[in-house]
Amino acid sequence: MADIGVLPDEILVFIFHFMLQSDIVSVIRNVCIRWKMLSFSPTLWRRLCMVDLGGENQKIMWSDENIQTVKSFVKSLYISLFSNQGGECLNKLIKHDFIEMKELTLRDSHFGNSKFIEILEFLANRNRNLSCLTVKFGACEHLEKYFDIISNIKLRTLEINHGGSALGLRQKCKQCSEEKWKNCLVKLCCAKGKYLRNLSLGVNRVNDETVSSILHHCSNLTTLELDKTITSYRCFMDIQQNINLRNISLFNININDDTLIGIAQFAPFLISFSVEGNLGSISTKGIQKISESCRYLEKLSFKNDHDHAPKLTDSNLFTIASNCKSLKYIQFQSLKHITDAGLQAVFENCSNLQTIIVNDCFNITDKSLINIGTNCKRLKRLEFSGHLTGYNKMTSAGFQHILCNLKYLDDLTFASLKNLKHVRLYPATMSACDEPANLSNKNARSLADTKDHGNHKISDLEFNISQHQESNHTRRLHDHCHLKRLNLARCDSLDDESILQILNYCPDLHRLDLFNCVGLTLNIKDNIFDLCEFIPEIKIDGIICQRKLIT
């Protein structure tokens, strides 16, 4: 019987990554001298030190014994002032000087505005390395004071979110008018706009005039995000062109052709463009303008609200395909009028695609999957997810084609695929002389050529472990499947034999999601761990099964 003590230090540290910080400090360090030494590993704490000073679970990390370890690797700090914990947070910051901290997130509440200002002021005066600040306001009766402090920090990244109405603080926030927000934001941008590279605003009191003034003073911006602003986005048409801007993201908005035309004129060198909201007013005119003017686009995302009827059709995709040949990332959500024909044009013309996300577009069939497997050889992430009713027109044939033809695929999601059943990837007798290109032909064999295990118990399936052992060397020679993450949630028709076939073909999996796959049984859990040695746990029918560390 093997003991966990024989594992090398690197493996033990990796295992510790999956444990709670409190367990590392209070349990692991008491096991033995070796484990205590490994619990102070920089590799381990760099990952764990996204710290919430206001969280009850983090108190043990801030003891005198552990604070030096934590402080050495904290680059990003999250401070929440809910439950009136501002005084406690400030005392910790004063006692332990986080001079290496570069990123800070402050979340305010109506209980702690004065402490919020004290914390922000203390960090602004003491920390010269701070370059990224995220401020989430609750009640903001001290708005001018906040911005005066922020204006004294040489920030390159600034994110401001105002959630007053969501927190039920409307009475206190009434005094923060649009004019007040405009004065504060414009004053800040006048003072520090030349330093800013990344700006994100989630303020529902920002209008077109304010956005226009901000963009006028922040001419060196490379990334702009606007969320919930009350703008028509015509402001892009009234200001000077920005040749530095590379990324624009617009959320929770009503967008139309004028918006796209204005953005195309304002930022012709865009690399990434994402829009989420009501896309019902977009037509070919706007799509054509932005695709013709922004020919360097590598990321394009259109996410339509479920409550609105989108007008984007295949003709829009044809325009994108003909002009944006450098695309590496595409995302389409709730575009109910696009079909295989429009996606085929994109897949055939954009050969550099590495990420494809298509959600709630229910006219898609296996033809699109075959086109992806044939044309997108560099693909690393693929997601088809039906959050509403699921995909009924895609089957296991298209799924098999994806697995057998995309050798660089790392992350695959087929959530709510209703016809994923009878998956047959390749026979156990595949020899070393077989070529990967022949796999798709072998998959086309009828199910009659495959032994029917339908009436056998899982324990009687002969192909699972023995096939894994016999064909492991062959699979390494062919090197065709390195899938790391697989999500098959809500695939109702997936059965035990099919999932074992899939896992036998994908032995390098690190993460597996089988949530609400009602066709599976708990009898397969041991076989899953045997077939995929890197999976720490699986969830089947609401039950989490963990791998045994000692065998």
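Below are the figures for this structure:
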read-out: Estimated FRET transfer efficiency (residue 513, residue 92; beta-carbon r; R0 35 Å; 0.05); value: 0.40
read-out: Local electrostatic count, residue 371, Cβ distance below 13 Å [Lys/Arg +1, Asp/Glu -1]; value: -1
read-out: Charge context of residue 344, other residues only, Cβ under 10 angstrom, K/R +1, D/E -1; value: -2
read-out: Accessible surface, per residue, of segment 305-344 when the full set of protein chains is kept, probe 1.4 Å, Å²; value: 40 Å²
read-out: Pairwise FRET efficiency - residue 548 versus residue 34, Cβ, R0 = 30 Å, nearest 0.05; value: 0.90
read-out: Filter on 102/285; 95/145; 187/228; 192/311; 136/380 - keep pairs with C-alpha separation over 32 Å; value: 102/285; 192/311; 136/380
read-out: Net charge of Cβ neighbours under 13 Å - reference residue 487; Lys, Arg +1; Asp, Glu -1; value: +2
read-out: Set 336/418; 92/182; 367/421 screened for pairs whose C-alpha atoms are more than 25 Å apart; value: 92/182
read-out: Between segment 250-315 and segment 178-213, the alpha-carbon center distance in angstrom; value: 23 Å
read-out: Karplus-derived HN-Hα couplings along segment 391-402 (A = 6.51, B = -1.76, C = 1.60, θ = phi - 60°), whole Hz, x at Gly and Pro; value: 8, 9, 9, 9, 10, 5, 5, x, 4, 4, 5, 5
read-out: Ordering of 399-407, 262-270, 152-160, 514-522 by packing [mean C-beta count within 10 Å, highest first]; value: 399-407, 262-270, 152-160, 514-522
read-out: Per residue accessible area in Å² of segment 199-257, where ligands, DNA and RNA are left out and the probe is 1.4 Å; value: 41 Å²
read-out: Cβ crowding within 10 Å averaged over residues, with 499-508, 274-283 ranked highest first; value: 499-508, 274-283
read-out: Computed E for residue 178/residue 122 - FRET, C-beta separation, R0 45 angstrom, nearest 0.05; value: 0.90
read-out: Relative packing of peptides 29-40, 363-374 - highest average C-beta neighbours within 10 Å first; value: 363-374, 29-40
read-out: In sequence order, calculated HN-Hα J values of segment 146-157 (Karplus, 6.51, -1.76, 1.60; Hz; x Gly/Pro); value: 4, 6, 4, 5, 4, 5, 9, 10, 7, 8, 9, 10
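The values are calculated or read from the model by the stated rules, or taken from the named source; none is laboratory data. Quick caveat, the model's predicted, so the values are computed rather than measured. Note: ideal-geometry Cβ built from the backbone for every residue, glycine included; neighbour counts use all protein chains shown. Please note that ligands, DNA and RNA were not included when accessible areas were found on the heavy atoms of the full protein model with its side chains. Shrake-Rupley method; radii C 1.70, N 1.55, O 1.52, S 1.80 Å.
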